[in-house]
Amino acid sequence: MEKISSISLEGNQQTEGKEKNIKIKNLLYENRNVLLAADTTTPVRQNGICYDGIIDEVEFARQNKKIIFLLKETNGNDSNGNMPSEFEDWDYRWWLENKQANGGNSNDPEEKFYGKTFYNLCMWVNLFYRCIELHDLQPFENYRDEYFHEDLYRQILKKTAIVNLKKTWGGSTTNWADLNAYLNNNAVRDVLKKEIAIIAPDIVVCGGRQVFDFARQIFDSQEQQLTVSESITSRYFKYKNALFVDFYHPSCRKKRSDLYYFAAEQFTALNNIQ
């Protein structure tokens, strides 16, 4: 993943199809010192901002209903699981668009598709649109044979956004106490609220129970029960025009077929309450 020491702000250069991402980047940059100061992770280290947002704004805008993912933080560990003592700012959103969604150069290791997470994430994005537009749920085996192709999933990745609760670097394991301290900062919460308002999603998939609970507190909303089936219920809450749903993290280790049917039931249930 390519790290950059400075972020090029586009300011008034309103590149066609980039308006929301420019607003998000400016929002995070203007609050950079606040976001850095709020990170009191132990041991104390020099941290950097990870700029997130809509992966491909033109493709995202084409969708009638918009689904995005709210995750914890960007993992800064190296291939051996070690975390450096100092980080630089990194345009994570740019990497998602240019190295993942539009990648594929076998000579560039940065363009290797990050399938560990994105295969589930893209399956859910695709399934969401199939559920709400086509009302077509086929057996998982048929879906897998037809859709589990890297080139297709790179295109599907363009239809969504990835937003992190924590805008500074993190690791593979979560210290929830540190994250709780970070998110108790009102300025940090305001930044996240403004970012979600800029994106204006219809569905926000919260990657894990803890992320959902943090989001519910940040957006000060009352959770409700989502009836998925006669025997299964889930949780969601409303914030303005968006539904936030308690979901699995894209990198969870459950069987992919189980994640497929779980997502189909969730999306169908959510669509029924809108």
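The values are calculated or read from the model by the stated rules, or taken from the named source; none is laboratory data. A quick note: this is a predicted structure, and the numbers were derived from the prediction, not measured. Glycine gets a Cβ as well: all are built from the backbone with ideal geometry, and neighbour counts include every protein chain shown.
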request  = Only residues that are surrounded by fewer than 20 Cβ atoms within 10 Å (Cβ to Cβ) and either acidic (Asp, Glu) or assigned to a helix (DSSP H, G or I) (or both): list them for region 99-119, please.
outcome  = 108, 109, 110, 111, 115, 116, 117, 119
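Going through region 35-46 one residue at a time, which ones are surrounded by fewer than 19 Cβ atoms within 10 Å (Cβ to Cβ) and in contact with a strand residue (DSSP E or B) (Cβ under 7 Å, 6 or more places away or on another chain)?
Here is the first cut: in region 35-46, the residues surrounded by fewer than 19 Cβ atoms within 10 Å (Cβ to Cβ) are 36-37, 40, 42-46.
36, 45, 46, listed by residue number.
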message = Among the residues that make up region 36-46, is at least one of them within 16 Å of residue 96 (Cβ to Cβ) and either over 16 Å from the mean Cα position of the chain (by Cα) or at pLDDT 95 or above (or both)?
response = no
note = All-but-one check, residue 137 against (1) in contact (Cβ under 8 Å) with a residue 40 or more places away in the chain; (2) over 27 Å from residue 43 (Cβ atoms); (3) part of a helix (DSSP H, G or I); (4) hydrophobic (A, V, I, L, M, F, W, C), failing number (3)
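Quick check on my filter: what residues within region 64-84 are surrounded by fewer than 16 Cβ atoms within 10 Å (Cβ to Cβ) and either over 23 Å from residue 33 (Cβ atoms) or at pLDDT 95 or above (or both)? Step through it out loud before you land on a result.
From region 64-84, those surrounded by fewer than 16 Cβ atoms within 10 Å (Cβ to Cβ) are 64-65, 77-82, 84; that's our starting set.
64, 65, 77, 78, 79, 80, 81, 82, listed by residue number.
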request  = Report, by residue number, each residue of region 136-195 that is aromatic (Phe, Trp, Tyr) and in contact with a helix residue (DSSP H, G or I) (Cβ under 7 Å, 6 or more places away or on another chain).
outcome  = 140, 143, 147, 153, 176, 182
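Yes/no matrix, rows are residues, columns are (1) modelled with pLDDT of 90 or more; (2) of a type in the set (Lys, Arg); (3) crowded, with 18+ Cβ neighbours inside 10 Å; (4) out of contact with any Leu (no Cβ under 7 Å at 6 or more places or on another chain):
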| position | (1), (2), (3), (4) |
| --- | --- |
| 121 | yes, no, yes, yes |
| 125 | yes, no, yes, yes |
| 130 | no, yes, no, yes |
| 137 | no, no, no, yes |
| 147 | no, no, no, yes |
| 162 | yes, no, yes, no |
| 167 | yes, yes, yes, no |
ask   = Hey, any hits in region 47-61 for a residue that's under 19 Å from the mean Cα position of the chain (by Cα) and either basic (Lys, Arg) or surrounded by fewer than 18 Cβ atoms within 10 Å (Cβ to Cβ) (or both)?
value = yes
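Can you name the residue in region 140-161 that is in a helix (DSSP H, G or I) and of a type in the set (Lys, Arg) and is also nearest to residue 205 (Cα to Cα) among such residues?
Start the filter on region 140-161 by keeping residues that are in a helix (DSSP H, G or I), which leaves 140-147, 150-157.
Okay, now just the ones that are also of a type in the set (Lys, Arg), so 144, 154.
Details: 144: 22, 154: 19 Å.
Checked region 140-161; the qualifying residue nearest to residue 205 (Cα to Cα) is 154.
Restricting to region 200-231, give me the number of residues that are of a type in the set (Val, Ile, Thr) and free of Cβ contacts under 8 Å to residues at least 12 places away in the same chain.
Final tally of qualifying residues: 0.
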